[in-house]
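Here is the structure we will look at.
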Amino acid sequence: MNDNKLTRREFLLRAAALGAAAAAAPAIMAGCTSGGGGGTAGGITCDTSGLSDAERTMRQSLNYVDQTPNPAQRCDNCQLWVEPSAAGQCGGCQLENLGPVHPAGWCTAWVAAG
Ligand code: SF4
């Protein structure tokens, strides 16, 4: 089981790195607030107004959503989740070019933490 998680994680990280070559500076958590902008879930809103084309493309390719369709799989229990600097804000993702990530979000790259 653990081998599958690591293999999948490595694959995703490599795929993201290839897709993000020479990308803009990390935008993890950039523009992430609890008010204004992009999708809202659980009282937290991620401001996606500053997303780059690469970030929009990556979010679409991974079917990223601010509200998970499966409560058991959320960004904040994903192995690739990056905690926000303060409570009540959007966090980030170790995958490049995703922009602000909602704690209740989800994408097809979700990997169980631990
Ligand atoms: S589920 Fe969320 S934290 Fe996990 S890879 Fe997708 S965007 Fe990143």
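The values are calculated or read from the model by the stated rules, or taken from the named source; none is laboratory data. Quick caveat: nothing in here was measured; it's all calculated off a predicted structure. Note that we place each Cβ from the backbone using ideal geometry, even for glycine, and neighbour counts take in every protein chain shown. Just the protein is used for accessible areas: all its heavy atoms, side chains included, with ligands, DNA and RNA removed. Shrake-Rupley method; radii C 1.70, N 1.55, O 1.52, S 1.80 Å.
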Response to the item:
Scanning the stretch 96-114 for residues that are open to solvent by 30 Å² or more (accessible area, probe 1.4 Å) and closer than 12 Å to residue 68 by Cα gives 106, 108, 110
Worksheet item: Within the stretch 99-113, can you find the residues that are more than 8 Å from the chain's Cα centre (by Cα) and near the ligand (Cβ under 6 Å from one of its atoms)?
Response: 109, 110
Discussion item. If I filter the stretch 55-95 down to residues being acidic (Asp, Glu) and in a helix (DSSP H, G or I), which single residue comes out as surrounded by the most Cβ atoms within 10 Å (Cβ to Cβ)?
Written reply: 55
Worksheet item: When you go through 73, 94, 67 one by one, which is the residue that is modelled with pLDDT of 95 or more, over 11 Å from the mean Cα position of the chain (by Cα) and either among the aromatic types (Phe, Trp, Tyr) or within 8 Å of the ligand (Cβ to nearest atom) (or both)?
Response: 73
